[in-house]
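The values are calculated or read from the model by the stated rules, or taken from the named source; none is laboratory data. Quick caveat, the model's predicted, so the values are computed rather than measured. Note that each Cβ is placed from the backbone with ideal geometry, even for glycine, and that neighbours are counted across all protein chains shown.
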Amino acid sequence: MISLRFLLCFIFVSSVYATIVSHDGRAITIDGHRRVLLSGSIHYPRSTPEMWPDLIKKGKEGGLDAIETYVFWNAHEPTRPIFFFCLLILQIENEYGNVMGPYGESGKAYIKWCANMAQSLNVGVPWIMCQQNDAPQPMLNTCNGFYCDNFVPNNPNTPKMWTENWTGWFKQWGGKNPHRTTEDVAFSVARFFQRGGTFNNYYMYHGGTNFDRTAGGPYITTSYDYDAPLDEYGNLNQPKYGHLKQLHDVLHSMEKTLTYGNISTIDFGNSASATIYKTEEGSSCFFGNGNENSDATISFRGESYVVPAWSITILPDCKNEAYNTAKITTQTSMMVKKPNEAEDTPSTLKWSWRPENMDNFLLKGKGESTQTQLFDQKVVTNDQSDYLWYMTTVKFKKRDPFLGKNMSLRVNCTAHVLHAFVNGKYIGNQHAENGKFNYIFEKDVKFKSGRNVIALLSITVGLANYGAFFESKPAGITGPISITGRNVDETIVKDLSAHKWSYKTGLNGFENQLFRTESMSKWSVESVPFNRTMTWYKATFNAPLGNDPVVVDLLGLGKGTAWVNGNNIGRYWPAFISSENGCAAKCNYRGPYHAEKCLTNCGEPTQRWYHVPRSFLNAEGDNTLVLFEEMGGNPSLVNFQTTRVGSVCANVYEKNTIELSCDRKPISAIKFASFGNPDGNCGSFEKGTCESSNNTVDILTQECVGKEKCFIDVSTEKFGAPDCTGSARRLVVEAIC
């Protein structure tokens, strides 16, 4: 399938009227001028239109030149032409080179066809292919990954471009929370530009939310936060956002030198190096230290510079350090969730309920179509629903040798989740472990003489979306399905795979739109059941006060889907708990990153909180929450909260300036402050062995409390001189918002 994405240029200040976008071997050019371009991925269906202006504003303020997005034609333009955009770059394929091997010559022919088709459109901007080393000219081949500094384009007229710098990783049901450190993301970008890169795009800059059924995978969560600079709700993810903003400012200040300068490199050994970009106007330098364990001292033009392990120092004038990737001078924001404080909001929601109507399936085995074979779920549902019923009937005579023995139903399954019923009775469920989607479901069953109805509900949780022939990866019940009877040492197996199977896509509650606020279906407020499978729940609530992002806490529920005022906020599965192992108390940014490094949230639900965009809510009057619970859960714990900055911390070396900000809310108190050699982390700072003579807390209280933001110069003139012989002096502060 062709993957189309584009880069939008609507946040360029100096290039709004650009008419010619081209390239040479050094950089993308706009009206003939080489540009350093910094871009961020924001996929518009993963946020609401009401969020877009703020996301773009924050991207621009964070130093981005462009926004990258996939083109979701089905979401915004089912027919053409309606919308027109200012474009910089278009992409025709995404990482096909990673999977094309099994396709052989057909894969190569396909890539050539893609290139010819794209070029024939005459769009007037460059076309790119990611991870496609044999991209045909004039396609530009680009790099995706955690690091792309060693990437070399396949043509001398292609600039060195990084189209996906992964700022974190996606979450999967049953997994933990991935984090990529701020220092490492900055290191990867700086080293890429040190080694000749001129274009970097962050994947993601804002990940957002997979609303409705849009999460793929399988098993990608509803949250697509990605540990990006802007979090799932659009909040600044500090310090990642601020530290990268500072890097962007430095790189932009060096644009002409980086794109036109002559490049020379000095290798100091032990993974230390200096790269000099020189023009007639001056020089800019990168000092790199790729050693994971030890700092490097670089002697350059009569001066010595200490470069911490696994970091890059940037000197725009080759004299003064302007930025180091490992030295964070921006605040860390600690996010908190606050309960709904709307007036007249009860402490717990009042629920009504109704069961999912399944009688036609459980007792009659009645579906929409019948075949004497087991079909892959994708073939039957055409991806119109997560749910597919497989139903058949089995008849036993009174003297059938099966009856009276220990009998079981055995299903060889590739359903992500399976629920099984026999003669209307629920016999159990099973779900696949992530990555192990083929399993055996087997339960003891008592069959009766005469007609027996077997009803199997197969559920998908996102379809395969990557790899060669991913469309052929099975989903649903592939079989065989059998009934086994055992009596002492005798085993009799009855294969049902070629029986007459009846199929029904979807569930009645979805078809009848029980999730719509205007639904006329009857709901009961009596004896609301807990831990009941296949049950619908409904409650009303008031919108939380203020403008902070809203989340709903679904702890206590099993698995299902949630709607707010008829808007599908996605699949939920808080009952899926991550394993206890694999999380580190402290994350070391040094060394190459991978998706299993710096994990958190061990032993907890993979996703507990679910985003409810403000635009889905009625600011005045009632709002309606509807849940479809598949596995059984307790809705009494469900509640709405807001997410906001709870406290901010800084840990900054002397001779720097720190900005503290509570995101448009006043700073209420200084919890901790020390200038010297304090220790610890945000939330658990401690004083060190030396401290300044002045009262640091009093100084910061006077300068910051009551203000939405404050700027502090870290100096002995302000705080006094601590007696810290042999160690660099730092200001550490924690402020309450």
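Only residues that are out of contact with any Gly (no Cβ under 6 Å at 6 or more places or on another chain) and either part of a loop (DSSP other than H, G, I, E, B) or not assigned by TED's automatic domain parsing to the domain that holds Gly556 (or both): list them for region 516-531, please. Passing the criteria: Glu518, Ser519, Met520, Ser521, Lys522, Trp523, Val525, Glu526, Ser527, Val528, Pro529, Phe530. Scanning region 688-737 for residues that are over 38 Å from the mean Cα position of the chain (by Cα), within 21 Å of Thr330 (Cβ to Cβ) and part of a helix (DSSP H, G or I) gives Thr696, Ile699, Lys718, Phe719. Against the test of being part of a loop (DSSP other than H, G, I, E, B) and either not basic (Lys, Arg) or not assigned by TED's automatic domain parsing to the domain that holds Ile569 (or both), the options Ala186, Ala228 yield a single qualifying residue, Ala228. Put simply, of Ser661, Ser684, Ser668, Ser674 the only residue that is among the hydroxyl-bearing types (Ser, Thr, Tyr), at pLDDT 90 or above and under 10 Å from Leu731 (Cα atoms) is Ser674. For region 329-387, filtering for residues that are among the small types (Gly, Ala, Ser) and on the phi > 0 side of the Ramachandran plot leaves 1. Scanning region 584-613 for residues that are outside any loop (DSSP other than H, G, I, E, B) and surrounded by fewer than 19 Cβ atoms within 10 Å (Cβ to Cβ) yields one hit, Thr600. Taking the criterion of being assigned to a loop (DSSP other than H, G, I, E, B) and of a type outside the set (A, V, I, L, M, F, W, C), the residues of region 396-406 that qualify are Lys397, Lys398, Arg399, Asp400, Pro401, Gly404, Lys405.
Scanning region 192-211 for any residue that is surrounded by fewer than 24 Cβ atoms within 10 Å (Cβ to Cβ), closer than 30 Å to Val626 by Cβ and of a type in the set (Ser, Thr, Tyr) turns up nothing.
Let's see how each residue does on (1) of a type in the set (A, V, I, L, M); (2) touching a residue at least 40 places away in the same chain (Cβ under 8 Å); (3) surrounded by 15 or more Cβ atoms within 10 Å (Cβ to Cβ):
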| site | (1), (2), (3) |
| --- | --- |
| Ile89 | yes, yes, yes |
| Asn94 | no, yes, yes |
| Val99 | yes, yes, yes |
| Gly104 | no, no, no |
| Gly107 | no, no, yes |
| Lys112 | no, no, no |
| Asn122 | no, no, no |
| Met129 | yes, no, yes |
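Within region 165-176, identify whether any single residue is buried (at least 24 other Cβ atoms within 10 Å of the Cβ) and either polar (S, T, N, Q) or in a helix (DSSP H, G or I) (or both), and answer yes or no. Scanning region 165-176 turns up at least one residue that is buried (at least 24 other Cβ atoms within 10 Å of the Cβ) and either polar (S, T, N, Q) or in a helix (DSSP H, G or I) (or both). For region 21-36, the candidate set comprises residues that are at pLDDT below 95 and β-branched (Val, Ile, Thr); within that set, the residue that is farthest from Ile89 (Cα to Cα) is Ile30.
Just to be sure, is Met391 of a type outside the set (Gly, Ala, Ser), part of a strand (DSSP E or B) and under 30 Å from Asp489 (Cβ atoms)? Considered against the rule, which asks whether it is of a type outside the set (Gly, Ala, Ser), part of a strand (DSSP E or B) and under 30 Å from Asp489 (Cβ atoms), Met391 comes out as no. Can you name every residue in region 317-348 that is out of contact with any Pro (no Cβ under 9 Å at 6 or more places or on another chain), in a loop (DSSP other than H, G, I, E, B) and surrounded by 17 or more Cβ atoms within 10 Å (Cβ to Cβ)? Cys318 - this is the single residue of region 317-348 that is out of contact with any Pro (no Cβ under 9 Å at 6 or more places or on another chain), in a loop (DSSP other than H, G, I, E, B) and surrounded by 17 or more Cβ atoms within 10 Å (Cβ to Cβ).
Do you know which residues across region 269-295 are assigned to a strand (DSSP E or B), closer than 17 Å to Asp149 by Cβ and out of contact with any helix residue (DSSP H, G or I) (no Cβ under 7 Å at 6 or more places or on another chain)? Result: Ala272, Ser273, Ala274, Ile276, Cys285, Phe287, Asn289.
Only one entry of Leu418, Leu409 meets the criterion of being of a type in the set (A, V, I, L, M, F, W, C), out of contact with any helix residue (DSSP H, G or I) (no Cβ under 7 Å at 6 or more places or on another chain) and either more than 22 Å from Glu368 (Cα to Cα) or outside any strand (DSSP E or B) (or both), and that entry is Leu409. Residues in region 351-368 that are at pLDDT below 95 and surrounded by fewer than 18 Cβ atoms within 10 Å (Cβ to Cβ): Asp359, Asn360, Leu363, Lys364, Lys366, Glu368.
Answer with yes or no whether Leu545 is over 22 Å from Asn618 (Cα atoms), aliphatic (A, V, I, L, M) and in a loop (DSSP other than H, G, I, E, B).
In short, no.
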